[in-house]
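See below for the structure under consideration.
The values are calculated or read from the model by the stated rules, or taken from the named source; none is laboratory data. These numbers were taken from a predicted model, which means no experiment stands behind them. Here the Cβ positions follow ideal geometry from the backbone for every residue, glycine too, while neighbour counts run over all protein chains shown.
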Ligand code: SF4
């Protein structure tokens with residue numbers, strides 16, 4: 001490590017905590033390379049940064065899969081691809097079930113309800129299903145609606161905006177340099193184009209990815225820098241949960257200390273973003289991990305099940321927030 005970065009925690013304290021300026025790629029790498037005995041210190045700093053620049057509220061979100069499985073893309077981590085021997089079969093849910101899920105989500109205190117479909121991008125049928133679903137939810141439930149429907153055309157961006165979609169999720173998944181090792185059926189740049197159009201249309205951008213997909217620490221730092229350039233409103237951080245039947249099914253689970261160091265590093269690169277623990281954290285971090293993460297820079301959680309694997313029950317997360325005295329962000333604050 002160079003002399004300049006030898007004291008990266010002190011540099012970050014001054015630059016990120018005091019001035020609100022995120023770490024650059026080289027600095028993020030220095031955090032990712034910190035020894036284990038520095039972990040608690042850097043997690044504490046990440047927590048202080050989040051409290052200072054985001055406040056104590058934690059955003060709670062619900063997620064529903066409108067169309068599951070049978071996707072034509074080959075993202076090597078994904079059990080919803082139709083190209084692998086994955087156990088997830090193609091299925092759709094109907095509008096009444098969608099509305100019911102939105103109601104249950106709102107009851108937990110969640111402010112955001114995200115409608116997800118496993119597709120390369122939406123076709124006409126999916127767009128009209130989404131439009132009908134959003135209208136039905138709006139008539140009965142007071143919650144903001146987000147969508148995650150893959151890559152979009154400009155016309156589709158405009159349609160979603162007109163439907164009142166508040167936030168759009170589209171993950172870059174990994175760094176630009178590692179992406180071709182993860183997906184071969186489309187490019188990182190195609191994903192970037194969708195994100196740019198979403199931002200320009202005035203919707204909030206939610207963009208994150210998965211750590212532990214064979215990327216080097218340098219590439220992990222590059223990914224944080226890619227995200228910092230995009231300036232997303234929200235970053236869901238996933239840890240690979242190697243699913244049987246996918247090309248990444250045999251990869252090792254990221255060690256807990258490495259995952260927590262990454263949580264801190266991404267918070268220090270993105271001081272103002274909503275940083276959300278997404279899928280995979282149970283197997284990487286265990287129960288303790290949720291607690292350490294929430295006091296290590298995370299300020300959003302998903303309630304209920306993840307898309308294809310069982311997450312922790314909603315009550316567990318909500319009890320934890322209460323225990324940690326972290327208030328749930330209220331709906332009127334986000335309107
Ligand atoms: S990550 Fe999305 S685009 Fe890729 S295979 Fe899975 S559902 Fe399809």
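Checking residue 49 against (1) more than 27 Å from residue 152 (Cα to Cα); (2) within 16 Å of the ligand (Cβ to nearest atom), which single condition isn't satisfied?
Residue 49 satisfies all of (1) more than 27 Å from residue 152 (Cα to Cα); (2) within 16 Å of the ligand (Cβ to nearest atom) except (2).
Filter the stretch 60-115 down to the residues that are touching a strand residue (DSSP E or B) at 6+ places or on another chain (Cβ under 7 Å) and on the phi > 0 side of the Ramachandran plot, then identify the one that is farthest from the ligand (Cβ to nearest atom).
Only one residue fits best here, namely 109.
State whether the residues of the stretch 71-92 include one that is part of a helix (DSSP H, G or I), surrounded by fewer than 19 Cβ atoms within 10 Å (Cβ to Cβ) and either within 20 Å of the chain's Cα centre (by Cα) or modelled with pLDDT under 95 (or both).
Scanning the stretch 71-92 turns up no residue that is part of a helix (DSSP H, G or I), surrounded by fewer than 19 Cβ atoms within 10 Å (Cβ to Cβ) and either within 20 Å of the chain's Cα centre (by Cα) or modelled with pLDDT under 95 (or both).
Kindly indicate whether residue 147 is surrounded by 15 or more Cβ atoms within 10 Å (Cβ to Cβ), at pLDDT 95 or above and either part of a strand (DSSP E or B) or within 14 Å of the ligand (Cβ to nearest atom) (or both).
yes
Looking only at the stretch 151-158, decide whether some residue is in a loop (DSSP other than H, G, I, E, B), free of Cβ contacts under 8 Å to residues at least 60 places away in the same chain and under 19 Å from residue 226 (Cβ atoms).
yes
Would you check if residue 204 is touching a strand residue (DSSP E or B) at 6+ places or on another chain (Cβ under 7 Å), modelled with pLDDT of 95 or more and at positive phi?
No, not satisfied.
Looking at (1) touching a residue at least 40 places away in the same chain (Cβ under 8 Å); (2) more than 16 Å from the ligand (Cβ to nearest atom), can you tell me which one residue 134 breaks?
Only one criterion in (1) touching a residue at least 40 places away in the same chain (Cβ under 8 Å); (2) more than 16 Å from the ligand (Cβ to nearest atom) is unmet by residue 134, namely (1).
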